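Heads up, the thing below is written out as structure tokens.
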């Protein structure tokens, strides 16, 4: 039996301290501060699953970074880079190479990066809409895209839906692409799930020339973007004081509620070992870091430990 399955089989009999000890014995799990992790888990468990919500990035968080054969998979915006004609594709690649340097610049603060990343997003959008994209093309490309959800995402999402735990996917990508991928891999859009991203606006002929505001880029995707929404699911999410937050980028740490707000946030980071990222910085920001793990085994374990009595 795999170690994580053995741990899953005895969840309800474990104290929080023992669960953390056994969790950190798994080879893919890292944690800088086990005491803080234990305290956060205990707070969330004591509050019950009716106070728990999930907030997740999409690209390389819900989706895999690498296929089983080692091939590096696409992001949602990679759909455009791979299917566009040559000229706009090269423009996007050049823009991406310029903007990723700013995104990963450790000498720039979060606030300093904001205007640059907004400009990067706006420039990318101009390139997108110069190609005459349509609803049918978006769906066709999305179904063909080399994007896969992490192993076990379907069973984990079914568990969240069964327990009525609201889940928001926050992404700087494209809503339409994400929803096609989710629908394909989960066989439906679960009733407890909402995608918050850049949604395309189409005319009567199915052609798109704009995104529905607000513009969402990697450094402004956070709950402040949705606080005025009237959707029952959004209101439900905001009323759940404890959050399980998941991301693969240090900027994802800012998606959730402020640290001084009511409740606790448990932050899970997927360290995919790309773009020269430094593990120590992930350990400083995330409560748990998962090393090159293409599954949802650990988020499933954590969720069930927090929910089951």
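Packing order of peptides 290-298, 67-75, highest average first: 290-298, 67-75 (average count of other Cβ atoms within 10 Å over each peptide's residues). Largest first, the three principal axis extents of the alpha carbons in the chain are 58, 41, 40 Å in whole numbers. Say we join alpha carbon atoms closer than 10 Å with springs in a Gaussian network model of the chain; which of 182, 35, 195 then has the biggest fluctuation? Largest GNM mean-square fluctuation: 35. Segment residue 155..residue 279, full-extension length gain: 41.8 nm, with 0.36 nm per residue of separation and the alpha-carbon distance subtracted. The angle between the Cα long axis of helix 135-144 and the main principal axis of the chain comes to about 50°, on a 0 to 90 degree scale.
Judged by the ratio a/c of the largest to the smallest principal axis of the C-alpha gyration tensor, the stretch 93-155 counts as oblate, that ratio being 1.5 or greater while a/b is no larger than b/c. Stokes-Einstein D for the stretch 157-283 at 20 °C, 1.002 mPa s, Kirkwood Rh over Cα pairs, in µm²/s? Diffusion coefficient, whole number: 132 µm²/s. Let me test this: with uniform point scatterers at the alpha carbons of the stretch 40-80, what is the Debye-based log₁₀ I(q)/I(0) at q = 0.16, 0.25 1/Å? Once normalised to I(0) and log-transformed, intensities are -0.60, -0.83. Once C-alpha pairs closer than 8 Å and six or more residues apart are averaged by separation and normalised to the residue number of the chain, the relative contact order reads 27 percent. Each peptide in 157-170, 14-27 gets a packing score, the mean of other Cβ atoms within 10 Å over its residues, and the list from highest to lowest is 157-170, 14-27.
Extension gain for residue 8-residue 227 works out to 75.3 nm (0.36 nm per residue, less the C-alpha to C-alpha distance). In the chain, helical runs assigned H by DSSP with n ≥ 4 each contribute -39500 (n - 2.57); averaged across all residues and rounded to the nearest 500, the mean residue ellipticity at 222 nm is -12500 deg cm²/dmol. When both bridge partners sit in the chain, DSSP labels roughly 25% of those beta bridges antiparallel. The long axis of helix 175-186 is offset from the longest Cα principal axis of the chain by roughly 50 degrees. Calculate the tail of P(r) for the stretch 1-143: the fraction of all Cα-Cα distances greater than 23 Å, expressed in %. Tail fraction, whole percent: 60.
Ordering of 240-252, 217-229, 81-93 by packing is 240-252, 217-229, 81-93, highest average first (other Cβ atoms within 10 Å, averaged per residue). For the chain, the longest principal axis of the Cα atoms and the long axis of helix 110-129 meet at an angle of about 50 degrees. Stretching residue 109 away from residue 309 to a fully extended chain increases their span by 67.8 nm, per 0.36 nm per residue minus the current alpha-carbon distance. Could you tell me whether the stretch 1-64 comes out rounded, prolate or oblate from its Cα gyration tensor? Rule is a ≥ b ≥ c as square roots of the eigenvalues, rounded for a/c under 1.5, then prolate if a/b exceeds b/c, otherwise oblate. In terms of gyration-tensor shape, rounded. Over all directions, the projected convex hull of the C-alpha atoms in the stretch 125-173 averages 5.0 nm² in area.
Computed from the coordinates by the stated procedures, all read-outs in this text should not be read as laboratory data. Computed from a prediction, not measured in an experiment: that's the story for all the values here. Cβ: placed from backbone, ideal geometry, glycine included. Neighbour counts: every protein chain shown.
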